[in-house]
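To keep things clear, I will list the structure first and then write my remarks on it.
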Amino acid sequence: MTVALGIGLVAACGSNDDSAGSAGSGGSVAETTSAGSTSDGATDGAGGIVAGLESAALALEEERTVIDVRTPEEFESGAVAGAERIGLADADFAERIAELDPATGYVVYCRTGNRSAEAATQMRAIGLDVLDGGGFDDMVDAGWPTS
């Protein structure tokens, strides 16, 4: 059943949005629904908070620092106001997140929520406090201003 679920998730999440950032990640990513919760009830690893809209709303309430993991072109087409772009597909992603302040709380987002899940996993692995805000629409729906 796990293999079937994994294959289903890969098929459901396969798009240009995430091919660059998820190659070789080795983990499965839950599909984010339009309501902002994940289709399999997955949490974002932050004490049971659901990745997407729920995490984006909590991050806004906590005034977390925003990291946009999209491409430069996606970022230029519109972003959360004040977001720092550290693209998951960028060659220096690991170096740039290693330079982030571990005393700061972060929220990450991408276009649909797939790359943000991978970025959040990598950031947590190095000890950062990160919420997965999901996709850009989740952040906007949670009330984050845009630029």
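The values are calculated or read from the model by the stated rules, or taken from the named source; none is laboratory data. Everything numeric here is computed off the predicted structure, so don't read it as measured data. Virtual Cβ from ideal backbone geometry, glycine too; neighbours counted across all protein chains shown.
Of all the numbered requirements in (1) closer than 21 Å to residue 145 by Cα; (2) crowded, with 20+ Cβ neighbours inside 10 Å, residue 97 misses one, and that requirement is (1). Of the residues contained in the range 63-70, none is found to be among the acidic types (Asp, Glu), assigned to a helix (DSSP H, G or I) and at negative phi. Per the conditions (1) in contact with a Lys or Arg (Cβ under 8 Å, 6 or more places away or on another chain); (2) modelled with pLDDT under 60, the sole criterion not satisfied by residue 74 is (2). Counting only helices (runs of 4 or more DSSP H) that sit wholly inside the range 84-147, those with at least 2 residues that are in contact with an Asp or Glu (Cβ under 8 Å, 6 or more places away or on another chain) are 114-125. Filter the range 124-142 down to residues that are surrounded by 24 or more Cβ atoms within 10 Å (Cβ to Cβ) and more than 10 Å from the chain's Cα centre (by Cα), then give me how many there are. Going through the range 124-142 one residue at a time, the tally reaches 2.
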